[in-house]
């Protein structure tokens with residue numbers, strides 16, 4: 001595993017005159033890393049900045065040795081980064097099939113194809129002719145995940161991927177994260193569902209006020225309700241278990 005697969009160095013970004021990211025720095029290799037923290041700490045802004053959707057004001061993003069800050073989102077996606085955005089960002093009038101077909105060109109011989117997405121999420125196969133606006137929240141999230149997988153990137157960024165999903169589908173999603181890493185794909189995941197986060201990734205980065213304030217492990221969070229409260233403001237969760245969602 002290379003510690004320099006993705007490098008974020010003193011990254012600053014924001015909206016207009018409002019700075020949200022204040023010197024974010026971390027490296028990750030081919031592994032699953034969870035980015036956790038209370039609401040409003042800059043986690044989604046970090047994802048959008050890596051993807052070129054928010055302008056970097058200083059600092060850098062290096063992916064597989066290539067500097068990406070200042071690049072347009074299309075170039076960043078072509079570099080091998082797939083994104084599951086918060087809010088799904090689907091086209092209401094396009095069917096499930098049409099969403100997937102748009103991204104399926106050139107997938108022959110690659111790990112993820114439309115057929116494999118339908119095998120992963122059978123409910124999408126059942127709804128393949130339904131438009132994005134006709135899907136439930138959970139079905140929309142499955143489609144957003146499936147669409148990102150079809151890019152066959154070497155890094156997948158997922159922002160709140162378990163949002164709206166039933167527990168059994170969350171289990172499937174966790175298995176996908178593990179499978180991706182086993183296939184040599186890095187996964188950076190933002191999760192408010194702490195039970196899902198500790199099952200997806202052993203390495204946990206804590207974001208506070210636009211900076212990576214601390215790094216901990218899934219095992220430490222599982223065993224320590226005080227850390228859960230300190231980092232996430234979680235009350236009454238108690239001791240977590242990797243076997244439950």
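The values are calculated or read from the model by the stated rules, or taken from the named source; none is laboratory data. For clarity, every value in this text was computed on a predicted model and none was experimentally measured. Note: ideal-geometry Cβ built from the backbone for every residue, glycine included; neighbour counts use all protein chains shown.
Looking across region 127-140, the residues that are part of a helix (DSSP H, G or I) and over 14 Å from residue 169 (Cβ atoms) come down to 132, 133, 134. In the set (1) within 17 Å of residue 148 (Cα to Cα); (2) modelled with pLDDT of 95 or more; (3) in contact with a strand residue (DSSP E or B) (Cβ under 9 Å, 6 or more places away or on another chain), the condition left unmet by residue 61 is number (1).
Being more than 17 Å from the chain's Cα centre (by Cα), assigned to a helix (DSSP H, G or I) and surrounded by 17 or more Cβ atoms within 10 Å (Cβ to Cβ) holds for only one residue in 143, 173, 124, 180, and it is 124. The listed residues are 46, 21, 11, and the only one of them that is within 15 Å of the chain's Cα centre (by Cα) and at pLDDT 95 or above turns out to be 46.
Within region 183-226, can you find the residues that are crowded, with 20+ Cβ neighbours inside 10 Å, within 12 Å of the chain's Cα centre (by Cα) and in a loop (DSSP other than H, G, I, E, B)? Those that are crowded, with 20+ Cβ neighbours inside 10 Å, within 12 Å of the chain's Cα centre (by Cα) and in a loop (DSSP other than H, G, I, E, B): 191, 201. Residue count for region 103-118 satisfying the condition of being part of a helix (DSSP H, G or I) and either touching a helix residue (DSSP H, G or I) at 6+ places or on another chain (Cβ under 8 Å) or within 21 Å of residue 186 (Cβ to Cβ) (or both): 4.
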